[in-house]
Amino acid sequence: MFALGVCLLSSVFITASAQQGRERSTKKARAAAEQSARAARVFDQIMGTREKSIPQDLIDRAEAVAVFPGVLKGGFIVGGRGGSGVISRRVAGGWSAPAFFDLGGGSIGLQIGVASTDYILLFMNDRAVESLLNDKFEIGGEGSAAAGPVGRSASASTDARLNAQILSYSRSKGAFAGLELKGVVIKPDNEDNLQVYGMNARDILTGADKISLEKMPEGVRVFPLTLSRYSKRH
């Protein structure tokens, strides 16, 4: 009788655990879809303002694109910033599944209040992408980012900033401009990556078996599809 009771309790526990696991997976998939949609919306809005958008030739040269929407920055005397976003790498015929990353950093100085800022980073070559995939990548430390030029009239071909491995942009209170980032740390959110894809960020962005568009969770496809509207290599 005791053994039967133990078996019944074990069965109930296993069923409840499985149910909780399914609920967590559903919530994670929903959150991943929302994050991808927000990033896609930010990129689409910025590129839709043609006189103040990222020059087309820079997007065509970029190896990967990161969007961190709604990063919060604030504080008094000691400030910081924090947010999350997605990064897709160029693949044949389009862009990879968006890998999930966190962005953080701090600053010291006279500041007060809270602001929400959208950040876009263009990683211009393989070396820049590889640096990003370290456990913790600091812009201004081992990686330098230059303020990216804006607008169709930007002379991208003669701009010295094109030698930078990373070009950075920000949008705050509706104003979009190139921004030189320093002291910002970007690191993979592999808890999210593993739950959504069963893969870590390195495998998603550099692995031989990159996830095809058809095999991506439907909710996250909006980000690579949005990037493909603006730049695609065949």
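Note down all Cβ pairs under 9 Å where the first residue falls in the range 153-173 and is at pLDDT 60 or above, the second is open to solvent by 50 Å² or more (accessible area, probe 1.4 Å) and of a type in the set (Gly, Ala, Ser), and they're at least six residues apart or on different chains.
Qualifying pairs under 9 Å: Ala164/Ser144; Gln165/Ser144; Ile166/Ser144; Ser172/Ser116; Lys173/Ser116.
Has the range 179-189 got at least one residue that is open to solvent by 50 Å² or more (accessible area, probe 1.4 Å), of a type outside the set (Asp, Glu) and within 17 Å of Asp102 (Cα to Cα)?
yes
Among the residues of the range 165-175, is any more than 24 Å from Glu34 (Cβ to Cβ), open to solvent by less than 30 Å² (accessible area, probe 1.4 Å) and in contact with a helix residue (DSSP H, G or I) (Cβ under 8 Å, 6 or more places away or on another chain)?
Checking the range 165-175: at least one residue is more than 24 Å from Glu34 (Cβ to Cβ), open to solvent by less than 30 Å² (accessible area, probe 1.4 Å) and in contact with a helix residue (DSSP H, G or I) (Cβ under 8 Å, 6 or more places away or on another chain).
Pick from the range 198-207 the residues that are farther than 12 Å from Ser96 by Cα and over 15 Å from the mean Cα position of the chain (by Cα): which of them is least open to solvent (accessible area, probe 1.4 Å)?
Ranking the qualifying residues of the range 198-207, first place goes to Met199.
Of the residues Val6, Val67, Val12, which single one is touching a Gly at 6+ places or on another chain (Cβ under 7 Å) and either at pLDDT 85 or above or over 20 Å from Met124 (Cα atoms) (or both)? Quick ask: steps written out before the conclusion?
Numbers: Val6 fails: touching a Gly at 6+ places or on another chain (Cβ under 7 Å); Val12 fails: touching a Gly at 6+ places or on another chain (Cβ under 7 Å).
After applying the criteria, what remains is Val67.
Any residue in the range 208-230 that is open to solvent by less than 50 Å² (accessible area, probe 1.4 Å) sitting within a Cβ distance under 6 Å of a residue that is in a loop (DSSP other than H, G, I, E, B)? List the pairs, counting only those 6 or more apart or interchain.
That search, which allows pairs on different chains as well, returns Ile211/Ala97; Met216/Ala97; Val220/Pro98; Phe223/Pro98.
Would you tally the residues in the range 112-145 being open to solvent by 20 Å² or more (accessible area, probe 1.4 Å) and modelled with pLDDT of 85 or more? Spell out the reasoning first.
Of the range 112-145, the ones open to solvent by 20 Å² or more (accessible area, probe 1.4 Å) are 112-116, 118, 124-127, 130-131, 134-136, 138, 140-142, 144.
After this cut, where a residue has to be modelled with pLDDT of 85 or more as well, the list is 118, 124-127, 130-131.
Adding up the residues that qualify gives 7.
Which residues, counting only those in the range 187-210, are of a type in the set (A, V, I, L, M) and modelled with pLDDT under 90?
Ala208
Mind checking whether some residue in the range 101-109 is modelled with pLDDT of 90 or more and open to solvent by 40 Å² or more (accessible area, probe 1.4 Å)?
Looking through the range 101-109, at least one residue is modelled with pLDDT of 90 or more and open to solvent by 40 Å² or more (accessible area, probe 1.4 Å).
The values are calculated or read from the model by the stated rules, or taken from the named source; none is laboratory data. Quantities reported herein were computed from a predicted structural model and do not represent experimental measurements. Cβ: placed from backbone, ideal geometry, glycine included. Neighbour counts: every protein chain shown. We work out accessible area using only protein heavy atoms, side chains counted, and drop any ligands, DNA or RNA first. Shrake-Rupley method; radii C 1.70, N 1.55, O 1.52, S 1.80 Å.
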